[in-house]
Amino acid sequence: MISEQQFQTELDIIIQNGIREDIGPGDYSSLACIPNTATGKAKLLVKDKGIIAGVAFAKMIVEKVDPSLKMEIFIDDGAKVQYGDIAFHLYGSSQSILKAERLLLNSMQRMSAIATKTNQYVKLLEGTKTQILDTRKTTPGFRACEKWAVKIGGGANHRFALYDMIMLKDNHNDFAGGITEAITKTKQYLQQHNLDLKIIVEARNLHEVEEIIQNEGINRILLDNFNYEDTQTAVALIGDICQTESSGNINENTIRQYAECGVDFISSGALTHSVYNMDLSLKAF
């Protein structure tokens, strides 16, 4: 996984790009009708229910837009919220509050939706050893926030990008000439370039599982689109050789049964690519 410093850098880039995209040379609507000396206050109103996420990120946005703005937080990230709750108040320059509004809301609405869906999956896994993971199926340019939201919802992060973990999927294995060839070449490459990266290898069937476990140095086997019976068989074959992960069209109706097969992880792109934003508003008062 990437370091905290790298993660913070990604968040800074998101904020900088969001400000560039939304404000550009200036918020002319506010500049045209609100004096630069005007001050005001606004509240973050929840108009939905679920798990709130992005409060800490909103604070980062506010500090970047105008460090003189004051933020009074009433509800922290990860808390359950319902219609009518107030997450925080903002005080200070009216122009600055309006500058921060859209980036703040867009981010929090998306992050809260992801945290809410993740939490639903986490609850479905209660009593099993299985952890829910996100994937790289994220919104371009917003990945750090979406993965942060997964953690707020109680899930765990998979690799952040292509550079912090090796994942040999079907196309890698086919292009390399086979699974064993791909694994052998990968280990040689890591050694030659002095890279310490974990290796995950995807299996499409039980025959491929049997081939993968003949190779040393594998951290995890990804069981892709396996049915329940084959998943149980694969978990038994793998034993404690390495970790196991299930993936592929797993949803609310099937996740529990896959977990009961004994896998260590279940990864789901739906956590980040199939959510509906939480309804939030920033209202002057």
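The values are calculated or read from the model by the stated rules, or taken from the named source; none is laboratory data. In this text the structure is predicted, and so the values were computed from the model without any measurement. A quick note on method: Cβ atoms are made from the backbone with ideal geometry, for glycine too, and the neighbour counts reach across all protein chains shown. These accessible areas exclude ligands, DNA and RNA; they are computed on the full protein's heavy atoms, side chains included. Shrake-Rupley method; radii C 1.70, N 1.55, O 1.52, S 1.80 Å.
Size check on the chain: the Cα extents along the three principal axes, sorted descending, read 71, 42, 23 Å. Could you work out which residue, out of H193, H158, H207, moves most in a Gaussian network model of the chain, that is, has the largest mean-square fluctuation with Cα springs under 10 Å? In this elastic network of the chain, the residue with the biggest mean-square fluctuation among H193, H158, H207 is H193.
The stretch 240-285 and the stretch 56-128 have Cα centres separated by 21 Å. The long axis of helix 179-192 is offset from the longest Cα principal axis of the chain by roughly 60 degrees. Checked against a 25 Å cut-off, the cross-linked pairs K64/K123; K123/K151; K123/K169 give Cα-Cα distances beyond that limit for K64/K123; K123/K169. Counting Lys and Arg as +1 and Asp and Glu as -1 over every other residue whose Cβ lies under 9 Å from the Cβ of L280, the net charge comes to -1.
Which of D134, D12, D22 moves the most in a Gaussian network model of the chain with Cα springs under 10 Å? The residue with the greatest mean-square fluctuation here is D22. Counting only heavy atoms of the protein chains and using a 1.4 Å probe, R136 has close to 90 Å² of accessible surface.
Counting only protein heavy atoms and a 1.4 Å probe, the chain has 50 square angstrom of accessible area per residue. Residues T9, T231, ordered by accessible area of protein heavy atoms at a 1.4 angstrom probe radius and largest first, appear as T9, T231. In this structure V275 has an accessible area near 30 Å², from a 1.4 Å probe over the protein heavy atoms.
On the stretch 41-88, 48 percent of the accessible area sits on carbon and sulfur atoms, based on a 1.4 Å probe. Would you look at the GNM of the chain, springs on alpha carbons closer than 10 Å, and say which of Q131, Q188, Q120 moves the most? Fluctuation is largest for Q188.
Between the listed residues S107, I200, T130, the Cα displaced farthest toward the positive end of the dipole of the chain, a dipole computed from Cβ unit charges relative to the Cα centre, is found at S107. All alpha carbon pair distances within the stretch 177-285 were sorted into 10 Å bins beginning at 0; the resulting P(r) in whole percents reads 13, 38, 26, 13, 6, 4, 1.
Over the stretch 1-141, all Cα pairs binned in 10 Å intervals from 0 give whole-percent P(r) values of 10, 35, 35, 15, 4, 1, listed from short to long. Dipole magnitude for the stretch 6-85: about 280 debye, using +1 per Lys or Arg Cβ and -1 per Asp or Glu Cβ, origin at the Cα centre.
Heavy-atom accessible area, probed at 1.4 angstrom with all protein chains present, ranks R159, R110 as R110, R159, highest first. May I ask you to give the percent of accessible area on the stretch 155-285 that is carbon plus sulfur, with a probe radius of 1.4 Å? The value for the stretch 155-285 is 46 percent carbon and sulfur by accessible area.
Placing +1 on the Cβ of every Lys and Arg and -1 on the Cβ of every Asp and Glu, with nothing else charged, gives the chain a dipole about its Cα centre of roughly 1160 debye. When M108, M71 are compared by accessible area of protein heavy atoms, the largest-first order is M71, M108, using a 1.4 Å probe.
In the complete set of protein chains, residue-level accessible area for R256 is approximately 80 Å², probe 1.4 angstrom. Its Kirkwood hydrodynamic radius, worked out from the mean inverse distance over all distinct Cα pairs, puts the stretch 59-198 at 18.4 Å. This model, with +1 at the C-beta of Lys and Arg and -1 at the C-beta of Asp and Glu, gives the stretch 95-164 a dipole about its Cα centre of some 100 debye.
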